1. Along the Cα→Cβ direction, 7 angstrom out, place labels at Asn142 and His189. What is the inter-label distance in nm?
2. Between 0 and 90 degrees, rounded to the nearest ten: what's the tilt of helix 162-172 against the longest Cα principal axis of the chain?
3. At 0.36 nm per residue, and after removing the present C-alpha to C-alpha distance, how many nm does the segment from Asn78 to Tyr204 gain when stretched out fully?
4. Would you kindly state how much longer the chain becomes between Ala167 and Glu90 on full extension, computed as 0.36 nm times their sequence separation minus their alpha carbon distance, in nm to one decimal?
5. Could you tell me which of the pairs Lys24/Lys60; Lys170/Lys194; Lys121/Lys176; Lys121/Lys194; Lys130/Lys154 are separated by over 19 angstrom between their Cα atoms in the structure shown?
6. Straight distance only, please: which aspartates and glutamates reach the Cα of Lys137 with their own Cα at less than 19 Å, same-chain residues fewer than 8 apart left out?
7. At q = 0.10, 0.12, 0.13 Å⁻¹, work out log10 I(q)/I(0) for the chain with the Debye formula, treating every Cα as an identical point scatterer and leaving solvent out; two decimals please.
8. Please give the contour-minus-distance gain from His157 to Phe49: 0.36 nm per residue of separation, less the Cα-Cα distance, rounded to one decimal in nm.
Amino acid sequence: DDNAYVIDCGPDFRYQMLRANVKKINGVLFTHEHSDHTAGLDDLRPFSFQLGAVPIYAQKRVLNYLANRYDYIFNERNKYPGAPSVIKNEIRNRPFEISNLLIEPVEVSHANLQIFGFKFKNVAYLTDVKRISSVEKQKLKNLDVLIVNAVRHKPHHSHLNLEEALALVKELQPKKTYFTHISHHLGFHAEVEKTLPKNVFLAYDELVIEV
């Protein structure tokens, strides 16, 4: 509808929002605390100035990390007036609702770190996955769109490589899959896509998916 949410905000978050002409953000869902997913938090300030405090959604460990790293944002005592404001919302591995949209967290393992992907309607967004339990895989049945990481060809200690990602796709059987969080080691876009099944694609900057 009229609501706009983002999942994570990495180091180039400001540029991404300018490029996509995003005028407002109703909230941010965080998968985990690593810098490539959180380093753009300060760039919420123009949205905060315009719309008020921005709701953020994350598990307790991630909220604690953000509050420590960005104490000038979370500390309300003698707060610098130019800092953005956020509203903390702790999430657990159970469904929650934002703007009449049901969000279902999907717990996955990123090496030894437990992180969340998110499922909404028949779309699931998973990043930094290495392992998914059989219980959590049940949430990923009958998907229209699966977005999941496939970092490179060689095995990786904390990410799915291409072979593992394709095996997951074969197991879950979504209608369409887009690989994200890919590195230059995977190869050139057009060349890699020629090797993929007909319903599997490489994601790219400014890709728009209608669901």
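Values quoted throughout were computed directly from the atomic coordinates according to the rules given, and no laboratory measurement underlies them. Model, not experiment: these values are computed from the prediction. Positions of Cβ are generated from backbone atoms using ideal geometry, with glycine treated the same way; all protein chains shown enter the neighbour counts.
1. 3.4 nm
2. Taking the Cα atoms of the chain, the angle to 162-172 is about 90 degrees.
3. 41.2 nm
4. Stretched fully, the Ala167-Glu90 segment lengthens by 24.5 nm.
5. Over 19 Å Cα-Cα: Lys24/Lys60; Lys121/Lys194.
6. Glu104, Glu107, Asp128, Glu163, Glu164, Glu171
7. Scattering profile of the chain, log10 relative to I(0): -0.45, -0.65, -0.76.
8. This chain segment gains 34.8 nm when fully extended.
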